[in-house]
Amino acid sequence: MKIPRLMLALALCACSGAALAQGAYPTKPIRLVIGFAPGGAADYVARAMNEAFSKALGQPVIIDNKPGNGSSIAAEIVAKAPADGYTVLIASPSSISVNPALNPKLSYTARDLTAVTKMTTSPLVLAVNPATGIRTVGELVAAAKKDPGKLNYSTSGNGSAPHLGAALFSLVTGAQMTHIPYRGGALAVQSVIAGDTQVTFGTSPSVLPQASTGRLRALAVSTRERSPLVPDLPGMREAGLPDYNLEFWYGMFVPAGTPPAIVKKIYDATIAAMQQAPIKAALAREGTEVSLSASPEQFAAFLLEDGKFWVQLVKSAKVKVE
């Protein structure tokens, strides 16, 4: 059976047109959604790499902060966006692993997002308001045990990495403190500075600048050993809690169903941007290390195992994320 020449020509044009459209990506500005308020760690990472990321893609990248609900609002926006590469997400374990697994009210799941690459890893920093008089982790534990629930700790939201860092602290030490969630890390840190809360497990970019000026007192990092990113602070083993260890990451995601060729372009642009020495140096000064995946597939495999840790922590510590 012979195919009419006109039909064959139209089919070839359609196929080549689709390939051209995908190959031409991107042809317009890209929206980069972040689940935290300006001034926090995710926002800092995005703004540090944004110019180089835009240059690698050949289009402007517009940062859109959508804080709230443990960063799940941002994840939901991207999960429901067209799978065309023009809406991307920087996310942490809270919106990828924790909240979808444990909050049935969410209208998205981790399967609604495609992993592109891990971008950074860093420890949390345990800090207090200097007016508390607390100078060590041991003194914090003693104070919290003396008056259970009296000390308030701030975080960037329910189910966030700082929230889980504090939950693990209570699990390991038996110390009880009251959780006060905010819509971003910067707001959580400001609450400690103002004295509205007394303690925070904050991200390095949120805490370290304030600690360097004396507005906060940093006690330790959340990793078991000292971190080369924050060499002046003890690790938890040195601080007296050898069973405590926690590190968190940020990564790039797109809506599920995004064509592999577009995922690859976003991956390549992210890698090109994050590997630049000035960006690595800027992030390192804020206690954040560039940590990139070998491929989108490798990042997806990492997430399967990493998610088990966070979900188990939430269950063990009986954290509520609704």
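The values are calculated or read from the model by the stated rules, or taken from the named source; none is laboratory data. Source: prediction; values computed, not measured. Cβ placement follows ideal geometry from the backbone for every residue including glycine, while neighbour counts extend to all protein chains displayed. Areas reflect the complete protein model, heavy atoms only, side chains present, ligands, DNA and RNA absent. Shrake-Rupley method; radii C 1.70, N 1.55, O 1.52, S 1.80 Å.
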Any chance you could count how many residues in segment 207-229 are among the basic types (K, R) and open to solvent by less than 10 Å² (accessible area, probe 1.4 Å)? 0
Of all residues in segment 271-322 being of a type in the set (F, W, Y) and touching a strand residue (DSSP E or B) at 6+ places or on another chain (Cβ under 7 Å), the one that is farthest from I90 (Cα to Cα): F302
Within segment 68-150, which helices (runs of 4 or more DSSP H) (wholly inside it) include 2 or more residues that are open to solvent by less than 10 Å² (accessible area, probe 1.4 Å)? 72-79, 137-146
Report, by residue number, each residue of segment 160-206 that is open to solvent by less than 10 Å² (accessible area, probe 1.4 Å), among the aliphatic types (A, V, I, L, M) and in contact with a Ser or Thr (Cβ under 7 Å, 6 or more places away or on another chain). A161, A166, A188, V189, V192
Looking at K146, K118, which is the one that is basic (K, R) and free of Cβ contacts under 8 Å to residues at least 60 places away in the same chain? K146
Within segment 254-272, is even one residue under 29 Å from S154 (Cβ atoms) and either touching a residue at least 40 places away in the same chain (Cβ under 8 Å) or among the acidic types (D, E) (or both)? no
Mind counting the residues in segment 277-297 that are β-branched (V, I, T) and within 19 Å of V221 (Cβ to Cβ)? 2
Quick one: which of V189, V221 is closer than 18 Å to S71 by Cβ and touching a Gly at 6+ places or on another chain (Cβ under 9 Å)? V189
Which numbered condition P38 fails, given (1) assigned to a loop (DSSP other than H, G, I, E, B); (2) modelled with pLDDT under 90; (3) in contact with a Pro (Cβ under 8 Å, 6 or more places away or on another chain); (4) open to solvent by 20 Å² or more (accessible area, probe 1.4 Å): (3)
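A quick yes/no check of all residues on (1) of a type outside the set (A, V, I, L, M); (2) touching a Ser or Thr at 6+ places or on another chain (Cβ under 8 Å); (3) under 23 Å from T203 (Cα atoms):
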site: L229; (1), (2), (3): no, yes, yes
site: G235; (1), (2), (3): yes, yes, yes
site: E247; (1), (2), (3): yes, yes, yes
site: V263; (1), (2), (3): no, yes, no
site: D268; (1), (2), (3): yes, no, no
site: I271; (1), (2), (3): no, yes, yes
site: K280; (1), (2), (3): yes, no, yes
site: E297; (1), (2), (3): yes, no, no
Among the numbered conditions (1) within 26 Å of S227 (Cβ to Cβ); (2) surrounded by fewer than 21 Cβ atoms within 10 Å (Cβ to Cβ); (3) β-branched (V, I, T), tell me where T155 comes up short. (2)
Exception for T270 within (1) open to solvent by less than 30 Å² (accessible area, probe 1.4 Å); (2) farther than 25 Å from I77 by Cβ; (3) touching a Phe, Trp or Tyr at 6+ places or on another chain (Cβ under 9 Å) falls at (2)
